[in-house]
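One structure is given here, and the rest of the page talks about it.
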Amino acid sequence: MRAWVRTVTVCGGRRLSTHLVPRRCALNDKEISRRDLLARSAAGVGLASLPLWYAQEAGAAQRERDSDRRAGSANDRINVACIGTGGSKGGFRQGLGDTHNMARKAGVKVVAMCDVDKTHAAEAARAFGADCTAFTDFRELLQRKDIDAVIIGTPDHWHAAIANAAMRAGKDVYCEKPLTLTVAEGREIAKVQKKTGKVFQTGSQQRSDARFRLACELVRNGRIGKVQRVEARLPNGSKGGPFQVKTPPADLDWDMWLGPAPWTEYIPERTHGSFRHWYEYSGGMMTDWGAHHLDITQWALGADNSGPIRIESVGVLPANSRGFNAVTDFTVTYTYPNDMTVLAMHQGENGVRFEGDRGWIFVSRGRIEASDPAMLKDPLSGNDVRLYESNDHIQNFVDCVRSRKEPICPAEVGHRSATVCHLGNISLRLGGRALDWDPQAERFTNDEEANRMLSRPYRKPWKL
């Protein structure tokens, strides 16, 4: 009688499906045990869907780092605070989620929480114990000398001002993506980080996903031949409105929520998760998901310190003056040196597709596949380009706070990746016209109106 084995498909730590498959008779119990051990080791670092050779490499490296952590400074206390918690009971809460993840790391203690909604701040502080203090003004929190690092989970329009203030106050920074609201903000963050020497991690966590790292390494090493085209496939934006002006909740400091953004009456849909659909505070899906997939594109192309040289676009801007105003449906065409074309587009399966003259590779948060399976199965050689390895974005930040080494997505990289998104939005808001970009000078060479959109004035008294 044929024996059957139950297999489980895993993605991101979640069981997606279970299957019964026939056991191969050639596998003895010793081989099964070895494969099971490798699979469990791989799953522990989120590598179960990868080629076995790559999962083995990453798993071994992860075990070595874990051993070093236990033997070294894992008990050295790092006091962490979160600025921008979101609601702890529903609503947008990226900052709070990151803080919970960081609190699970050895030697990390959460000592303060800050939010412009005092109820959210208090709820978040209670979640971390009686000795965790709630603040509603980040400036007061930054005065505490015992805080080593901060997590910034605010809406995008606050990232730069808070990040710079935190670094100047002597704090290391983990800042959610997209790093900035404008190109000028990103350049300023990179300058302040370089001047202060603080550890800075941009929350572009796909760089700590082995599937994306493998895809980038294979592209870098020519598995698909000469890169001809990349499709960064993003969700489309949201349409909504007109929305009603309402009285701000008693616990929300609406003026502080707006901060450097232009003054406007309170509309609930401007806050929490839907803030990203307003150009005053974010950049729609171009910056929300673009900061992920265009970041991976830049990594694969070796363009972390450069960028495209030409941008043109087609897209739809909502016409409603009292509703969401970020671009919805769009295709942005970027030209990179050596005639490489990158498309940021709302069509297609969410992920990144790299096309070369010898084939293609597609990667997403759930899978990686190639036009020829051998592209994935054949191991890289000792002479091939290998990229910075991290399998846990927050742990990488914690490790770098202790070692003072540069994390996998530092300020300069976060700035350059966000810049690509901003360039697309500028072209879209100018009706799609073609723009020539100098990535070293960080200026358009053919359009002064576009150059004026590289920064935005801050509402007084706020400044970088």
Exercise. Report, in deg cm²/dmol and to the nearest 500, the calculated mean residue ellipticity at 222 nm for the chain, where each DSSP H run with n ≥ 4 adds -39500 (n - 2.57) and the sum is divided by the residue count.
Key: -10000 deg cm²/dmol
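Largest first, how would Arg207, Arg358, Arg139 line up by accessible area (1.4 Å probe)? Each step should come with its number before you reach the end.
On the way: Arg207 5, Arg358 160, Arg139 110 Å².
Ranked from most to least accessible, the order is Arg358, Arg139, Arg207.
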Quiz item: Arranged from highest to lowest average of other beta-carbon atoms within 10 Å per residue, in what order do the peptides 273-280, 294-301 appear?
Solution: 294-301, 273-280
Quiz item: Once amide H atoms are built 1.01 Å from N in the peptide plane, which residues 5 or more positions from Arg443, or in another chain, come under 5 Å H to H?
Solution: Asp438
Quiz item: Pick the calculated semi-axes √(5λ) of the Cα gyration tensor in Å for this structure from (1) 30, 28, 22; (2) 36, 29, 21; (3) 64, 31, 28?
Solution: (2)
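Determine, for each peptide in 211-221, 170-180, 328-338, the mean count of other beta carbons within 10 angstrom over its residues, then list the peptides with the highest first.
Working: 211-221: 23.0, 170-180: 25.7, 328-338: 19.1.
Packing proxy ranking, top to bottom: 170-180, 211-221, 328-338.
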Quiz item: Across region 258-264, in residue order, what do the Karplus-derived ³J(HN,Hα) couplings come to in whole Hz, using 6.51 cos²θ - 1.76 cosθ + 1.60 with θ = phi - 60° and x for Gly and Pro?
Solution: 5, x, x, 6, x, 5, 7
Quiz item: Check His346: other-chain or 5+ apart residues with amide H under 5 Å from its amide H, H built from backbone geometry?
Solution: Leu234, Phe330
Practice problem: Using a 1.4 Å probe over the heavy atoms of the protein chains, calculate the carbon and sulfur portion of the accessible area of the chain as a whole percent. | Solution: 49
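What ranking, highest mean first, results for peptides 341-353, 252-264 when packing means the other Cβ atoms within 10 Å averaged over each residue? Spell out each step's value before the answer.
On the way: 341-353: 19.3, 252-264: 16.2.
Descending packing order for the listed peptides: 341-353, 252-264.
By how many nm would the segment from Met256 to Lys377 lengthen if fully extended, with 0.36 nm per residue of separation less the alpha-carbon distance? Please report the intermediate quantities before stating the final value.
On the way: separation 121, 0.36 × 121 = 43.56 nm, distance 5.27 nm.
Full extension from Met256 to Lys377 adds 38.3 nm.
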Exercise. Determine ³J(HN,Hα), in whole Hz, for all residues of region 332-340 in sequence, where each value follows from phi through the Karplus function 6.51 cos²θ - 1.76 cosθ + 1.60 and θ = phi - 60°; x replaces Gly and Pro.
Key: 10, 10, 9, 9, 9, x, 6, 6, 8
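Whole number in Å², please: accessible area per residue of the chain, 1.4 Å probe, ligands, DNA and RNA not counted. Each step should come with its number before you reach the end.
On the way: 20560 Å² over 464 residues.
With all protein chains present, the chain gives 44 Å² per residue.
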Practice problem: Post the alpha-carbon centroid distance, region 223-266 to region 177-217, in whole angstrom. | Solution: 19
Quiz item: Across region 106-260, how many lysine pairs, 8 or more apart or on two chains, come within less than 21 Å at their alpha-carbon atoms?
Solution: 14
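The values are calculated or read from the model by the stated rules, or taken from the named source; none is laboratory data. Not measured: the values here are computed from a predicted model. No Cβ is skipped: glycine too gets one built from the backbone with ideal geometry, and neighbour counts run over all protein chains shown. Protein only, heavy atoms only, side chains kept; ligands, DNA and RNA dropped before computing areas. Shrake-Rupley method; radii C 1.70, N 1.55, O 1.52, S 1.80 Å.
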